[in-house]
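Please treat every number below as a calculation from the coordinates, not as lab data. Because the structure is a prediction, the values reported are computed rather than measured. Reconstructed Cβ throughout: ideal geometry from the backbone, glycine too, with neighbour counts over all protein chains shown.
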Amino acid sequence: MEAKKIGLSRELIIHPGETLKEIIEDRNMAQKELAARCGVSEKHISEVVNCEAPISNAFAKKLEYALGIEASFWINLQANYDKELLEYEEINEVSEAEIDILKNLKDIIKYLVKSGLLEEKLSKASKVVELRKLLRVSNLTNILNISYNGAYRARTNCSIDSYVLFAWQRICELKTEQITVNEELNIEKLKNKITEIKNIMNYSQNFQIDLERLFAECGIAFCVIRNFTGAPVQGFIKQTEDGRIILCVTIRGAYADIFWFSLFHEIGHILNGDINQKFIDFMSVDNEIERKADEYASNTLIDLTDYKEFIKKGDFSIEAIILFAKTQNIPPYMVIGRLQKEEYLSYSELNNYKLKYKWTEKI
């Protein structure tokens with residue numbers, strides 16, 4: 001059964017022939033006279049004024065001579081008519097199924113409006129058309145058939161909405177398009193920047209700006225992106241069609257240790273060469289590639305040998321943790337987070353020493 005269409009009125013789309021008709025009537029000029037002045041047939045004039053034929057560039061020039069009205073006026077009228085007609089036809093092809101998808105994307109839509117990427121006062125059908133353009137799909141229902149071209153670090157046992165996840169990926173692309181990257185991906189330079197990244201973790205008050213600058217020097221477009229219900233993603237990397245490497249991290253879960261571990265996990269993917277694969281879809285941490293990225297993050301943040309010695313001592317007081325964190329050039333909350341994850345501490349222990357990030361639209 002064919003999907004029900006959302007029909008919209010076409011009355012406000014004015015064919016340039018209507019304007020031509022009004023002008024010659026105001027001048028008491030017959031269509032026959034206009035045809036003679038322009039050197040065209042009466043039939044052609046009739047077709048134009050009855051909105052059955054367009055005003056071509058050549059005919060616009062003839063009208064300039066015959067009526068004293070510049071050709072650009074008629075050309076612009078025709079161009080505006082063609083554009084409005086195309087938009088009308090697009091909107092008139094919006095199905096109920098696409099309208100329903102707007103419910104899934106309601107938080108995404110609010111964000112796009114606040115970001116200035118989408119107009120606020122649009123009809124549902126118009127929103128669908130604008131979202132098609134932003135998300136680069138001819139129909140929103142096509143999203144379910146598109147494979148995610150990227151590597152994700154996502155929380156397990158979370159509900160995933162395919163429409164939200166796809167839109168979130170597109171937001172990552174749109175945000176990183178605004179970032180100037182100095183060169184192609186430079187792996188050696190990235191390796192040499194690891195200590196500086198850890199310093200940013202410790203001392204930077206504007207770590208997003210500092211990280212964006214640092215990664216740009218390595219050929220990576222970095223951005224902190226807002227997270228949405230339905231897209232339980234903490235980190236994302238992708239090589240775009242033009243060869244750019246984008247790296248995006250959310251502050252999902254709010255805890256700073258999760259943010260920084262996710263960031264180093266994604267760095268691990270880049271250094272391990274995972275972005276060279278044509279398609280990567282890591283929605284679970286239970287595979288070898290993900291384990292290697294986790295291993296890189298763990299051992300880069302905290303030296304494995306030192307960590308084993310620290311665990312062997314069995315002193316997990318805040319004083320001992322602070323001293324150990326200094327030897328690793330990381331904040332104490334990173335050590336607390338790892339001890340909690342590995343169940344040396346419960347998640348309630350020392351939680352007041354853990355830093356939380358809060359999303360603001362300025363990020």
Relative contact order (%) - criterion: Cα under 8 Å, at least six apart; region: region 16-92: 28
Within straight-line cross-link reach of residue 62, lysines at Cα separation under 25 Å, skipping those fewer than 8 residues along the same chain: 21, 32, 43, 83
Cα-based convex hull, region 16-92, per residue volume (Å³, whole number): 80
Proximal charge balance of residue 337 [Cβ under 9 Å; K/R count +1, D/E count -1]: +2
Alpha-carbon Debye profile of the chain, log10 I(q)/I(0) at 0.07, 0.09, 0.11, 0.15 Å⁻¹: -0.48, -0.66, -0.84, -1.23
Those GluC sites (Glu not before Pro) in region 181-266 that DSSP places in a loop and that have at most 12 other beta carbons within 10 Å: 183, 184, 241
FRET E, pair residue 304, residue 139, Förster distance 51 Å, beta-carbon r, rounded to 0.05: 0.55
Mean Cβ neighbour count within 10 Å, used as a protection proxy, ranking 123-130, 299-306 highest first: 123-130, 299-306
Which of 263, 77, 102 has the fewest Cβ neighbours within 10 Å, and the rest in rising order: 102, 77, 263
The chain, relative contact order in percent, only Cα pairs under 8 angstrom and at least six apart counted: 13
Positive-end extreme of charge dipole, region 151-294 - chosen from 222, 260, 167 (charges on Cβ): 260
Length released on extending from residue 14 to residue 217, taking residue separation times 0.36 nm less the Cα-Cα span: 67.9 nm
Region 96-145: Cα Rg divided by the 2.2 N^0.38 Å rule of thumb: 1.04
Cα-projected label distance for residue 52 with residue 70, points at 7 Å along beta-carbon direction, nm: 3.3
Lysine-lysine proximity count for region 151-294, Cα under 21 Å, sequence distance 8 or more or distinct chains: 12
Spacing of the two label points (7 Å from each Cα toward its C-beta) at residue 294 and residue 174, in nm: 3.4
Qualifying chymotrypsin sites (Phe, Trp or Tyr not before Pro) for region 304-347 [loop in DSSP, other Cβ within 10 Å: at most 13]: 347
Point-to-point label distance, residue 93-residue 183, nm (Cα→Cβ direction, 7 Å offset): 4.6
Residue among 48, 339, 58 farthest towards the positive dipole end of the chain, charges placed on Cβ: 339
Computed FRET value (nearest 0.05) for residue 159 with residue 341, which takes r as the C-beta separation and R₀ as 25 Å: 0.65
Protection-proxy order for peptides 189-195, 161-167, each taking the mean of Cβ atoms within 10 Å per residue, highest first: 161-167, 189-195
Antiparallel bridge percentage (DSSP; both residues within the chain; nearest 5): 70
Per-peptide average of other Cβ atoms within 10 Å, ordering 46-54, 21-29, 110-118 highest first: 46-54, 110-118, 21-29
